[in-house]
Amino acid sequence: MAATGKPILEARALGLKFGAVEALKDVSVRVEAGSVHALIGPNGAGKSSLLNCLSGFYHPWTGAVLFEGRDISATQPPERARLGIGRTFQGIQTYPSMTARENILSGFHIRMRGGVFAGLFRTPASVRQEEEMTARAEAIIDFLELEQDRHRVVGDMSYGLRKRVDLGRALALDPKVLVMDEPMAGMSPEEKGDLARFILDIRDHFGIPVVLVEHDMDVVMDISDRVTVLEFGHVIADGSPAEVTRDPRVIAAYLGGDAATEDAA
Ligand SMILES: Nc1ncnc2c1ncn2[C@@H]1O[C@H](COP(=O)(O)OP(=O)(O)OP(=O)(O)O)[C@@H](O)[C@H]1O
Ligand SMILES: [Mg+2]
């Protein structure tokens, strides 16, 4: 699916400080429906801070976060998850002693309607809901090619497989946009290739746009529709992969030169 030009998630002029450190300075990003949007930049550039502002874990001290055009700046992470902002974190977030299937099912609980009583008394609505959840979990397991591993305890799995279960948990929330912080860090080239394929399928088959932080430039160039480059808390470039890779400021940021920075200033 091609990007439609309509923003689903938007950061407007965000400013974020930790003491004297300005993690984000006037950062604006538009994530369009139907797109894979990569955030890149050197260590400490503010990429995770930006994702945390989008998902509500950090609250910027200036600027606004908009979801489907609505200002959600004041909302907390659970509310954003309910609205449809799904996310995966740097590292592993699965429960190691649970199976792949149980981990994915655990992702549904935030979406459960009916509350505690419906769950206790097994009302028709709660039974129907459980059946829906189970069917959806099975669909996610099939989609992520976890059929063989569904009943394996996650703690015994390879890193790449665990990250895949992690992704399944995020998908269980039925997100309208998926935010992923370095999903491929620590993966083998083969695992990276698999995940890249799943990310494109998430965009194309589920129609879910994906925002991700990624350091591997080959992956970024392969899968992104749009790339935003951060350096020292600033956006220094934003555009198609081809546009940003020939941007002198980006070249300077990655190669450590300074002549190109002056050209672009
Ligand atoms: N919770 C925090 N408390 C204090 N400082 C923080 C916090 N989170 C981020 N920072 C600081 O904000 C700046 C941006 O950090 P951030 O983690 O967003 O960078 P990043 O681009 O994700 O880097 P990396 O590629 O290493 O993950 C850094 O100087 C970092 O030390
Ligand atoms: Mg980070």
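The values are calculated or read from the model by the stated rules, or taken from the named source; none is laboratory data. Just so you know, these numbers come straight off a predicted model, no measurement behind them. Ideal geometry is used to build each Cβ from the backbone, glycine not excepted, and the neighbour counts take in all protein chains shown. Just so you know, the surface numbers come from the protein's heavy atoms only, side chains and all, with ligands and any DNA or RNA stripped out. Shrake-Rupley method; radii C 1.70, N 1.55, O 1.52, S 1.80 Å.
Ordered by 1.4 Å accessible area with all protein chains kept, Lys47, Lys6, Lys25, Lys176 run largest first as Lys6, Lys176, Lys25, Lys47. Loop-located chymotrypsin sites (Phe, Trp or Tyr not before Pro) in segment 1-74 (DSSP state not H, G, I, E or B) with no more than 12 neighbouring Cβ atoms inside 10 Å: Trp61.
Counted over the chain, the DSSP beta bridges are approximately 55% antiparallel.
Between Thr123 and Glu79, the contour length at 0.36 nm per residue exceeds the Cα-Cα span by 13.3 nm. Of Asp238, Asp166, the order by accessible heavy-atom surface (1.4 Å probe, DNA, RNA and ligands excluded), from most exposed downward, is Asp238, Asp166. Cross-link partners for Lys25 among the lysines, with Cα-Cα distance under 16 Å and sequence neighbours closer than 8 places in the same chain left out: Lys17, Lys47. For segment 181-253, the per residue solvent-accessible surface stands at 41 Å², with DNA, RNA and ligands left out and a 1.4 Å probe. Over the chain, dividing the summed -39,500 (n - 2.57) contributions of all DSSP H runs of at least 4 residues by the number of residues returns a 222 nm mean residue ellipticity of -11500 deg cm²/dmol. Its relative contact order, with pairs defined as Cα atoms under 8 Å and 6+ residues apart, puts the chain at 26 percent.
Given R₀ = 45 Å, what would the calculated FRET efficiency be for Gln148 paired with His234, taking r from the Cβ atoms and rounding to 0.05? Between Gln148 and His234 the formula returns 0.50. Residue separation of Met217 and Thr134 scaled by 0.36 nm, minus their Cα-Cα distance, works out to 26.1 nm of gained length.
Under 18 Å of direct C-alpha separation, and excluding same-chain neighbours fewer than eight residues apart, Lys6 reaches these aspartates and glutamates: Glu32, Glu68, Asp71, Asp204, Asp225, Asp238. Per-atom-type breakdown for the chain gives carbon and sulfur 53% of the accessible area (1.4 Å probe, protein chains only).
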